[in-house]
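The values are calculated or read from the model by the stated rules, or taken from the named source; none is laboratory data. Here the structure is a predicted model, which is why all the values come from computation and not from measurement. Note that we place each Cβ from the backbone using ideal geometry, even for glycine, and neighbour counts take in every protein chain shown. The protein model used for the area step is the full one, side chains on, heavy atoms only, and it has no ligands, DNA or RNA in it. Shrake-Rupley method; radii C 1.70, N 1.55, O 1.52, S 1.80 Å.
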Amino acid sequence: MLLMKDIVRDGHPVLRKKAAEVTIPPLKEDVEILEDMLTFIKNSQDEEIAEKYHLRSGVGLAAPQIGISKQLLVVHFEYDDQLYSYQLMNPKIISHSVQKAFLGGGEGCLSVDEVIEGYVPRNAKITVRAFDINGNPVKIRLKGYPAIVMQHEIDHLNGIMFYDHINKENPFHIPENAKIIE
Ligand code: SB7
Ligand code: NI
């Protein structure tokens, strides 16, 4: 079972490396990593389990965050009465909107213990191509909050942290073409 001690913290070089593609069809080892990651995220959202194991709540996780430099990610959350639950291998953003979007409350990260304030502008809509846990190709269209979470996770596979996107001169600068998500 994954615990907070398994979460790699900011400063560890694995968070700055480009993760390696995994083989398709998936190795049993990689399937198990995705299963462990999804269980961790679900546990982190379960009040009782989270309290018992001191888990910080998260909506997603990328393999480099548990020290594994492979292109594996999970997201799991409800939004607008819809469940967004994905376990993805080798995800790629194949197209995105010109429109940008950002969360009014900024972003956080399980690998970053401090609060870092500022807007994190991202693409408002994205289309992702990936392989699911069975090795089947999938194409996923997301907009708004789900698109933001997915971009946060895909960034981890490319060695990018959320705060890299925050404007250095004015953390609350609103880029043109960007809409706020409350
Ligand atoms: C706020 C939080 C997340 C994504 C977008 C906005 C995910 C937090 C958990 N993670 O650190 C996952 O990488
Ligand atoms: Ni993160």
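Tell me, which residue of region 17-44 that is hydroxyl-bearing (Ser, Thr, Tyr) and surrounded by fewer than 20 Cβ atoms within 10 Å (Cβ to Cβ) is nearest to ligand 1 (Cβ to nearest atom)? Explain how you work it out, then say what you get.
Step one: list which residues in region 17-44 are hydroxyl-bearing (Ser, Thr, Tyr), which gives 23, 39, 44.
Next cut, surrounded by fewer than 20 Cβ atoms within 10 Å (Cβ to Cβ) only: 23, 39.
Values: Thr23: 23, Thr39: 15 Å.
The qualifying residue nearest to ligand 1 (Cβ to nearest atom) is Thr39.
Across region 45-72, which residue is farthest from Phe131 (Cα to Cα) among those that are surrounded by fewer than 20 Cβ atoms within 10 Å (Cβ to Cβ) and near ligand 1 (Cβ under 9 Å from one of its atoms)?
Arg56
Can you pull out the residues in region 128-182 that are within 24 Å of Asp10 (Cα to Cα) and open to solvent by 30 Å² or more (accessible area, probe 1.4 Å)?
To start, the set of residues in region 128-182 that are within 24 Å of Asp10 (Cα to Cα) comprises 145-172.
Listed by number, the residues that qualify are Tyr145, Asn158, Ile160, Tyr163, Asp164, His165, Asn167, Lys168, Glu169, Asn170, Pro171, Phe172.
Kindly provide the set of residues from region 106-118 that are within 13 Å of ligand 2 (Cβ to nearest atom), open to solvent by 30 Å² or more (accessible area, probe 1.4 Å) and aliphatic (A, V, I, L, M), ordered by number.
Ile116, the sole residue that qualifies.
Count, please, the residues in region 84-105 that happen to be outside any strand (DSSP E or B) and open to solvent by 30 Å² or more (accessible area, probe 1.4 Å). Before the answer, list the steps.
Keep residues of region 84-105 that are outside any strand (DSSP E or B), which gives 97-99, 104-105.
Now narrow it down to the ones that are open to solvent by 30 Å² or more (accessible area, probe 1.4 Å): 98-99, 105.
Matching residues across region 84-105 total 3.
Suppose we keep only residues that are more than 16 Å from ligand 2 (Cβ to nearest atom), free of Cβ contacts under 8 Å to residues at least 40 places away in the same chain and not in a loop (DSSP other than H, G, I, E, B) within region 44-80. Which one would you say is nearest to Arg9 (Cα to Cα)?
Filtering first and then ranking leaves Ala50.
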